[in-house]
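S.K.: Submitted below is the structure of interest, expressed as structure tokens.
The values are calculated or read from the model by the stated rules, or taken from the named source; none is laboratory data. This is a predicted model, so every value here is computed, not measured. Quick reminder, even Gly has a Cβ in these numbers, built from the backbone with ideal geometry, and neighbours come from all protein chains shown.
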Amino acid sequence: MKGKLVNKNQLIEAISAHYDGNRRQAAHALESVFDTIIREVNKGEKVAVTGFGAFEKVVRPSRMVRNPRTGERKRAKKTAVPRFRPGSELKQVLAGVRKAPQPPKPAKKATAKKTTAKKAPAKKTAAKTTTKKTTAKKALAKKTTAKKAPAKKSTAKKAAKKS
């Protein structure tokens, strides 16, 4: 049987396209599905996914088996095994009667885009000089406020001496 094997990581990668490329959410979703199926089938419940198929637990009774190498016969214990029965839609797709369903498109986020008016590019030299002037003014303002603060303290001291 020739064919491409799709492993778990490739499934996660395919699912992540529906989660805006978020592999963590896609892995969590896939793990959740597998975990739920395994737990329910282990309890003896039948898990049916409409159109895809059904998973169920089947108990094989004990029986006599033969070792093909030696020809020795011995008793095999009773055991429980999983069984998968494909659904009608999956059967029709595999038989070529029906086309494979298209994957759902990811939902777009409803975000309002802000429209901004484009400004004309300013000259680089003018921008540099204005920033230098602005920073110089800010520095000068800091120095003058620092000088004014002690002056207020001295006037407060003079007022205290007069009283």
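S.K.: Name the pairs whose Cβ atoms lie under 9 Å apart, with the first residue in segment 1-30 and free of Cβ contacts under 8 Å to residues at least 60 places away in the same chain, the second surrounded by 13 or more Cβ atoms within 10 Å (Cβ to Cβ) and of a type in the set (Asp, Glu), and 6 or more positions between them or separate chains?
M.R.: So the pair list comes out as ARG23/GLU13; ALA26/GLU13.
S.K.: In segment 70-105, what residues are over 31 Å from the mean Cα position of the chain (by Cα), of a type in the set (Gly, Ala, Ser) and in a loop (DSSP other than H, G, I, E, B)?
M.R.: Hits for segment 70-105 are GLY71, GLY96.
S.K.: Considering VAL93, VAL97, which residue is surrounded by 11 or more Cβ atoms within 10 Å (Cβ to Cβ), modelled with pLDDT under 95 and closer than 30 Å to VAL33 by Cβ?
M.R.: Values: VAL97 fails: surrounded by 11 or more Cβ atoms within 10 Å (Cβ to Cβ).
That would be VAL93, the only listed residue that is surrounded by 11 or more Cβ atoms within 10 Å (Cβ to Cβ), modelled with pLDDT under 95 and closer than 30 Å to VAL33 by Cβ.
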